[in-house]
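Report on one structure; see the data block that follows.
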Amino acid sequence: MIHELRTYTLKSGAAPGYEKVFGERLPHREKHSKLGGFWHTEVGPLNQVIHLWPYDDLKHRIDVRTAGAQETQWPPPSGGNLVTMESEILIPAPFMRPLAPAEHGGLYELRIYTYQVGSMPEVLKRFGEVLEAREQISPVVGVWTTEFGLLNRLYHMWAYKDGNDRDANRAASRQLPNWPPNTGEFLLNMENKFLIPAPFSPLR
């Protein structure tokens, strides 16, 4: 299983309109494979929409995208508002549960950590050892490593009811003896984005 994370940056003010058209045209694309999730950014780099697509493997991705390109109503028109398009192939962590539609809450946080070359096996080991305790507070949506795109990155996504719920859960997690995982010796950079799920997103 692989997941493709596509990040589109649009001109200022264009993201709501693009999200609406995307949702309207989505049934044409989902004839071939299902969407994993769709969000727009609320905090972090703005004017972005992010969509996550599961595939069996790279061949499945190629076959699905080839079929999708034959659809007359896909891809959705951007009206000339797309500024950049990025694609990353992500590998689910060994301990990650299968991605499935769910209603987690109104605020998702995507955290992106960049680590030293060669350290990812140990990083995943340490995350896996302590994640169960962290999930007693709130469940993780997903944990991935990058296979194509910017490498040596760990993505982890969390869902909350709202900003207050996030603050309360993160405060509680800091009381855990082994959280966050002890990976600081390998850590080079940390980023995060607050994401709002679209009404049509399977994860919302």
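Structure data summary
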| item | result |
| --- | --- |
| Packing-based order for 2-12, 113-123, using average beta carbon neighbours within 10 Å, highest first | 2-12, 113-123 |
| Full-stretch length increase - Glu71, Glu42 - with 0.36 nm per residue and alpha-carbon distance subtracted | 7.3 nm |
| Spin-label pair Lys11/Glu122, simplified geometry with 7 Å Cα→Cβ offset, distance in nm | 4.9 nm |
| Sites Ala102 and Glu147 - FRET efficiency at Förster radius 22 Å, r taken between beta-carbons, to 0.05 | 0.35 |
| Distance-filtered residues of region 78-122 - backbone nitrogen under 17 Å, label point 7 angstrom along Asn182 Cα→Cβ | 122 |
| Environment charge of Asn189, counting only residues whose C-beta is closer than 13 Å and scoring Lys/Arg +1, Asp/Glu -1 | +1 |
| Length released on extending from Ala133 to Asn192, taking residue separation times 0.36 nm less the Cα-Cα span | 19.1 nm |
| Selection from Gly163, Ser33, Gly128 lying farthest towards where the dipole of the chain points positive, charges on Cβ | Ser33 |
| The chain: most fluctuating residue of Leu150, Leu107, Leu26 per GNM, C-alpha cutoff 10 Å | Leu150 |
| Selected from Pro54, Tyr108, Leu82, residue furthest toward positive end of dipole (the chain; charges at beta carbon) | Leu82 |
| Label-point gap, in nm, between Glu30 and Ala168 - each point 7 angstrom along Cα→Cβ | 3.1 nm |
| Charged-residue dipole, Cβ positions (Lys, Arg, Asp, Glu), the chain about Cα centre, Debye nearest 20 | 200 debye |
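Since every read-out is calculated from the coordinates, none of them should be taken as a lab result. All figures in this text were calculated on a predicted structure; none of them were measured in a lab. In this analysis, Cβ positions are derived from the backbone assuming ideal geometry, glycine residues included, and neighbour counts consider all displayed protein chains.
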